[in-house]
Structures are given as structure tokens and as C-alpha cells.
Amino acid sequence: MSDEPSLDGLEPQTLVLRHEPRGVLHVTLSRPEARNAMSLVMVAELEVVLDAVLERRDVRVLVLRGAGGHFCAGGDVKDMAKARMTPPQAGGADPVAEVNRAFGRMITKMDRAPQAVVAVLEGAVLGGGMGLACIADVAIARADAKLGLPETGLGLPPAQIAPFLVRRLGLSQARRLAVTGGRFGGDQAHAMGLVHELAHDDAELEVTLSRVLEQILRCAPGAVAATKHLMLQVGAVDLEAVLDEGAARFAEAARGPEGLEGMTAFIQKREPHWAQGGKE
């Protein structure tokens, strides 16, 4: 059990939570002995954390990183082995499929979170770790991080990760990584657009993270949530419907407290309240 401060009584076994007063929730994957491989317990605990913060406006940013110098080495092989030993029940779902789909549900929920999501990528960033990197609004990597999509080399498809990889990199790059079992460094991930920011040592990594957080916290949380929602509709919903919803959300924001505060702050040549620590 973690000794770190918890959020609303949450005391996860595989995560360390640290909530800064200015609205940043640091979520550290904490199974360093397994290079933070994602167990079913970790997947469930991440989903619980997401459920706890989705409607909270005092949580404006989720920062994902891993303990012990690694981000995430993929799925936990012990969970998969246990599922394989359990035969499917007549008319029921295959336990292996259920294990796989549980990760997909969690990563989809994180992808749709109204908060900004920042991933700090160090060491091993494999399989499910790659999936988390692909849904991050901002991905920061050390140049010596080791990213990869090893599933096809193990005789498996990256079933829950592939759609997010295609969306992040485009079909051509995603297919190349799939058929080659792609392994590459943080510098290559930056060059291909999977990663947005690159750091060459721990000090630069922390400076970059601080800069990115300051940039995010200058943006209104409601506007960030609405913009993320609209962007996720592109390609999934008819464009006219997206634009209609966009106009409605724009009007709602313009007439609401954030729009009023933003325009008032601009006229008064001061920072809006959310850029002063995110206080209402």
C-alpha cells in the first residue's frame, strides 16, 4: 500500500498518486520489479482513478509516468498465462479476450478524459505502454527510451493498441511498425511524431515537464475539455454535426463564467484566474 497522499481515499496497490493544489494529478505506475508491466489490478486501479476525477475541475492535468526508470513494459504475462489456463465457458466470453479488452476499455476512457493527459516516457515503453503514449495529449520522452510494438514477434496482434497507433502515426507508419515488430528510441519516436517533446537527461526531462504543465495551466479547463471532445468527433461523426456541436459549445462557453473571465482578464490586461493556480 502506498504511503503517498491519496485522492478521495483512494489507496491503490500498483499506483502512486500525488495531487498538487494547482490541479496536477501525478499518476505513477508502480510495479518497478516488473518494469511496471500492466497487470489486471493496475488496469482496474487506473480506471477507478479516472472515474474519480472525470467530473472534478480541481484536477486539470493527469501526468502518467513509471517508477524505477521505466514507463511500462506492456501487459503482465502472469495474467495472460492464468487466462489461457482457464477454458472458455459455453456461450461466454473467452477469458483471454476479457483480459485484453479490459485494457482497451481503460485506455479508451483515458483517451476521452476531459483533463489534459501528459505521458513522461523513460526506459521501456512497450505494448500497452505504447498505447498510453499514443493517447497522451502531450508525450515527453527521454532520447534513450526504448519504445516498441513487440506483439507480432510474439505471435499476437496489438489488438487494443492498433487503432490508437494508426490515429497517432497514420496507417503507413503503423503498418510498418506492426510488420517489423518495430523497436525504436525516443529520438526516433520524436522524429515520427509519436512523441512531442524530447529530453536528453533527467534534468532536461523535469524542465520540459514543468514548461508543458505551465503552458497547460494557462488554458481554461472547460475550454480544454470541450476542444478535446470536439477533436475526437472528427472522422467519427458527420462534419456538419461536429461543426453544429462546436457552435453550440462555443456559445455556451462565451456566455459562461470561463468566457466572461477570459474576456475580462484580456481587457484588464491580467491573467485569468485559472492561470493563477486554477482557483475558481
message: Please report the antiparallel percentage of DSSP beta bridges with both residues in the chain, rounded to the nearest 5.
response: 25 percent
Dipole of the chain [Lys/Arg +1, Asp/Glu -1 at C-beta], most positive-end residue of 199, 177, 91: 177
query: Hey, rough spin-label estimate for residue 206 and residue 98, points 7 angstrom out along Cα→Cβ, what's it come to in nanometres?
result: 4.4 nm
message: Please check: in the Gaussian network model of the chain (C-alpha springs, under 10 Å), which one of 213, 40, 156 has the largest mean-square fluctuation.
response: 156
message: Under the rule of at least 5 residues apart or a separate chain, name every residue whose amide H is placed under 5 Å from the amide H of residue 117.
response: 62, 137, 138
query: Tell me, in nm to one decimal, what length is gained between residue 187 and residue 255 on full extension, where the rule is 0.36 nm per residue of separation less the Cα-Cα distance?
result: 20.1 nm
statement: Simple SL model, points at 7 angstrom along Cα→Cβ for residue 166 and residue 112; separation in nm is 1.9 nm
field: Lys, Arg +1 and Asp, Glu -1 on Cβ, resulting dipole of region 153-280 about Cα centre, debye, nearest 20
entry: 300 debye
- request: Just add up the charged neighbours of residue 95: K/R +1, D/E -1, any other residue whose Cβ is under 11 Å from the Cβ of residue 95.
  value: 0
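Each value in this text was obtained by applying a stated rule to the coordinates, not by laboratory testing. Here the structure is a predicted model, which is why all the values come from computation and not from measurement. So basically every Cβ, Gly included, is an ideal-geometry build from the backbone, and we count neighbours across all protein chains shown.
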